[in-house]
Amino acid sequence: MPQWTAPSTPVVDRARTAHRDAIGTEPTHIASAPATWSLIGEHIDHFGGIAIMGLADLRAAVAVSPRDDGTVSVCCLSADGSTTKDFIALEKVSALAAEQQPSVDSEGQPIAPPAPKGGLAARLGGVVYTMINRQLLSRETAGADITVVTDIPDNAGLGAAAAIDTATALALLGGADEPFDAPLRARLAEVCSQAVGTFARFPALRARHSAALRGTGESVTIIDYADGSVTQAPHAVNQDLVAYALAVPGDFDCEETISDIRARERFIDDACHAFGTESLRLLPDAPQRVLDWLAAVHKIHGPDNQPTIAQATAWLTFYAEETQRAQGVARALRSRRGTELFPLLTQSQSALATVYGFDSAEKLAQLATARGAAAARSAHAGTSTAVIAYVPSTKATNFAADLAEDGLLVVPLNAGAPAATDS
């Protein structure tokens, strides 16, 4: 399989043409957003850890125009050439939102709502619904035609869906007076993550929305979820180092791990609620105190719908150690000590597989390092088999050609630009 390349025609131009062909009218607004890739930290945001993200030059574009029948209609032209059409009524979106409201049982214990199962229409309809309820869109909004064109391959760990969310939110916002205002972009990132968490089949990786809206191509974005700060650091990729996303073509069955991710997030949420803290990272002596609390929960309410002590110990160990590794990566980037990155990324990959229990990308990471990568780490363990490989520039051409010859999807991660409106 050859290396992945995007068409030469700008994606926003193709989105404009596709919308005109599908809807028969010119779009009201168009926006685009970049692919995002994780250096480290994508599993510790809920804990209050640090996520470090880069932007790639592949993009998704979204064209929108209003409807008056209460429907959100979506037409998506995917990177593989397929076309998907779907729609959902805003009344249905409201009903789905109501299903996600928390409740308690007769003993006062929280009842977890059913996991959302929404597809693309529910996901983007959720963006519309959430923007209305967050007063970013008028309450008179009565639907939208949304046309998506994306050059970001699915299942490559590059946030194709997050780019679509982000571009949709920017396009719906349209002619805002300050479209590049940082507080507004922060709100949009929150809206996208909230909508995905409420309506979409896949759990939200909030760092992708933040990086796509608030990052830059010349640096990596560091999001610290203990205090909500978003800062920049010198890029890991430079003239001496090339990064690739590597993936096994085809779909990856991740239903079980999606359920696992939601269970771990729910455990953290319950612990935060029990201790009255916004994140476990802000709780002194969190691992031991949370384990003591969990033991008490088991004793009083039984172990149903709760992790075992051994599982919780492994998760809390990973969260704490991965946060330390992410801090080390941030320090190495800021001080431009690039060689310190590789041991940390390698340790992170090992911990993902052995401590956290998500080994979907372990074999591909081993293959990449055996073929000459200085380090290779899962792009998003549990939701894909893809890895991000860091290769010395002197070996990059042969590395990419060899793995493409083996039938892998090889995507060069060239510097991208943040999400932007086009009209």
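Observations on the structure shown:
- Rg/Rh for the chain, where both radii come from Cα atoms and Rh is the Kirkwood radius: 0.96
- Solvent-accessible surface (1.4 angstrom probe) belonging to MET131, in square angstrom, nearest 10: 0 Å²
- Protein-only accessible surface order, largest first, of ILE258, ILE23 at 1.4 Å: ILE23, ILE258
- Here LYS363 and SER138 are evaluated by their C-beta separation; at R0 = 56 Å the FRET efficiency comes out at 0.65.
- Heavy-atom accessible area for GLU256, with the other protein chains in place and a 1.4 Å probe, reaches approximately 140 Å².
- Placing a pseudo-label 7 Å from each Cα along the Cα-to-Cβ vector at ILE111 and ILE309 gives an inter-label distance of 3.1 nm.
- Take GLU340: with every protein chain present and a 1.4 Å probe, its accessible area is about 70 Å².
- Less than 5 angstrom separates the built amide H of ILE40 from those of ILE52, all sequence-distant by 5 or more or on a different chain.
- Distance from region 235-312 to region 1-39 (C-alpha centre basis), Å: 34 Å
- When all protein chains stay in place and ligands, DNA and RNA are ignored, the 1.4 Å accessible-area order of ARG266, ARG377, largest first, is ARG266, ARG377.
- Largest mean-square fluctuation among SER138, SER73, SER360, in a Gaussian network model of the chain whose springs join Cα atoms under 10 Å apart, belongs to SER138.
- For region 240-248, backbone phi angles converted through the Karplus equation (6.51, -1.76, 1.60; θ = phi - 60°) give residue-by-residue couplings of 9, 9, 10, 10, 10, 8, 10, 8, 7 Hz, Gly and Pro being listed as x.
- Residue order for HIS273, HIS209, HIS235 - accessible surface, 1.4 angstrom probe, largest first: HIS273, HIS235, HIS209
- Each residue of region 34-39 was assigned a 3J(HN,Hα) from its phi angle through the Karplus curve 6.51 cos²θ - 1.76 cosθ + 1.60 (θ = phi - 60°); the sequence is x, 5, 10, 9, 9, 6 Hz, with glycine and proline shown as x.
The values are calculated or read from the model by the stated rules, or taken from the named source; none is laboratory data. Since the model is a prediction, treat every value here as computed from it, not as a measurement. With ideal geometry, Cβ positions are generated from the backbone for all residues, glycine too; neighbour counts draw on all protein chains shown. Keep in mind that these areas ignore ligands, DNA and RNA; they rest on the heavy atoms of the full protein, side chains included. Shrake-Rupley method; radii C 1.70, N 1.55, O 1.52, S 1.80 Å.
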